[in-house]
Amino acid sequence: MTPEIIYRVSQDAMMVAVKLAVPLLLPSLAIGLVIAMFQAATQINESTLTFVPKLIIIGLVLMIMGPTMLQMFLDYFQELIRDIPHLIG
């Protein structure tokens with residue numbers, strides 16, 4: 001196994017991780033920003049106020065995007081398993 005192969009496999013794994021994390025992080029970031037602006041406008045300083053909306057948004061995103069995210073992960077993993085002879089050979 002050469003350093004180039006390790007680099008490529010690591011880079012592919014990181015790209016899959018980013019593709020799986022972005023659908024969860026962006027809506028969470030957006031709802032956090034909206035609630036933070038609401039808190040700033042109304043001067044409500046409650047740190048737990050953002051927890052429930054973020055939890056709901058992440059749950060909705062997982063229900064909508066979950067099958068696609070799982071399929072993306074399974075495709076990567078199956079490809080990695082299929083490439084084992086080429087990676088170690």
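Every number in this text was worked out from the coordinates using simple rules, so none of it is lab data. This structure is a prediction, so every number in the text was calculated from the model and none was measured. Because the Cβ atoms are built from the backbone with ideal geometry, glycine has one as well, and the counts that use them run over all protein chains shown.
Over the chain, what is the mean sequence separation of C-alpha contacts under 8 Å (at least six apart), divided by residue count, expressed as relative contact order in percent?
Value for the chain: 43 percent.
PHE73 to GLN39: extension gain in nm, 0.36 nm per residue of separation minus the Cα-Cα distance?
So the extension gain works out to 8.5 nm.
Cα extents of the chain along the three principal axes, largest first, in whole Å?
Projected onto the principal axes, the Cα atoms of the chain cover 63, 27, 15 Å.
Using alpha-carbon positions, what is the distance between the centroids of segment 57-89 and segment 4-19, in Å?
Between the Cα centres of segment 57-89 and segment 4-19 lies a distance of 13 Å.
Just to be sure I understand the model, the point goes 7 Å from the Cα along the line to the Cβ. What's the resulting VAL52 to ILE84 distance in nm?
Rounded to a tenth, the inter-label distance reads 4.8 nm.
Quick one: helix 3-42 against the long Cα principal axis of the chain, what's the angle to the nearest 10°, folded into 0 to 90?
Computed tilt is about 10 degrees.
Over the Cα atoms of segment 6-51, compute the convex hull volume and normalise it per residue, giving Å³.
Expressed per residue, the convex hull around the Cα atoms of segment 6-51 is 78 Å³.
Among ILE57, ILE44, ILE31, which one shows the biggest mean-square fluctuation in a GNM of the chain, springs joining Cα atoms closer than 10 Å?
Result for the chain, Cα springs under 10 Å: ILE44 fluctuates most.
Fewest first, what order do ARG8, ARG82 take by the number of other Cβ atoms within 10 Å?
ARG82, ARG8
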